[in-house]
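First up is the structure itself, then whatever we jot down about it.
The values are calculated or read from the model by the stated rules, or taken from the named source; none is laboratory data. Predicted model, so just to flag it, every value in this text is computed and none were measured. Counting neighbours? That spans all protein chains shown, and the Cβs are built from the backbone with ideal geometry, glycine included. For accessibility, only protein heavy atoms count, side chains too; no ligands or nucleic acids. Shrake-Rupley method; radii C 1.70, N 1.55, O 1.52, S 1.80 Å.
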Amino acid sequence: MLKPILPALLLCSAIAAGCVTGPRQGQGGRAAGPAVAASDSGVVLTLRNGTEVWLRQDTTPGERWRSYSGQGFLEPLGAYLIHVAFYEGSASMLIHYVTGDTTWLPGAPVLSPSGDRFVATSVDLIAEYNPNVLQIYRVRPTGFEKEFELSPVDWGPSDARWVAEDTISFMQNVVSESWDYEQRPARVVRATGRWRVVLQRPMNR
């Protein structure tokens, strides 16, 4: 039996004002427009053409293990946001409402002020289950185009936010001697059509 996903209000507010959770109600109380629901076996969502997409849980121990959680519908992106937990680690997934195409992300997308782009980050320097990466995507009518990717070896990016349409601030993380994250602010800036990273002086390791 299907049941609506509980609203992920904090996550939605951090991503975009247009984040919608749960099925919309049309006449007679029936769902209208993008809808995402959950069952004991996984998550089901509906594309614009009426096709249902099932994301089924897999509790087989090891690399096949998957658990899906619907985080809502992002209207500015025209896509569903799904959180995917693995046996070790996690990721985010966008499923386009029109095309049904899937885009894997290292974390939840953070929209630019205009909604034309988004950034996603991941840092995991200790357990090393997730990648250390920052990705920037351009929003297209039928999907998402990756414009930039940063994959540092000895540090990881986190806490990305848009300062302006062409500037993203984030935290540069390294592991301290006490096995905590030591952080320093950094930026990614776009000029003449290209993104570049602006770091402060090297951090002590």
Review point. Based on the mean of other beta carbon atoms within 10 Å per residue, what is the order of 42-48, 73-79, most packed first?
Key: 73-79, 42-48
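In debye, nearest 20, what is the charge dipole magnitude of the stretch 33-162 about its Cα centre with +1 on Lys and Arg Cβ and -1 on Asp and Glu Cβ, if you could check?
Its charge dipole is roughly 380 debye.
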Review point. At q = 0.12 Å⁻¹, what base-10 log of I(q)/I(0) does the Debye formula yield for the stretch 97-205 when every alpha carbon is treated as an equal point scatterer in vacuo?
Key: -0.43
Check your understanding: What is the extension gain from residue 87 to residue 163, computed as 0.36 nm multiplied by their sequence separation minus the C-alpha to C-alpha distance, in nm to one decimal?
Key -> 23.8 nm
Check your understanding: Of the heavy-atom accessible surface of the stretch 86-144 (probe 1.4 angstrom), what whole percent is carbon and sulfur?
Key -> 45 percent
Check your understanding: In nm, to one decimal, how far is the modelled label at residue 197 from the one at residue 53, with both set 7 Å along Cα→Cβ?
Key -> 3.0 nm
Check your understanding: Per residue, how much accessible area does the stretch 113-205 show when a 1.4 Å probe rolls over the protein heavy atoms, in square angstrom?
Key -> 57 Å²
**Study point:** Heavy-atom accessible area per residue - the stretch 65-112, 1.4 Å, Å²
**Key:** 33 Å²
Point to revise | Inter-label distance for residue 125 and residue 147, nm, one decimal - labels placed 7 Å from Cα along Cα-to-Cβ | key: 2.8 nm
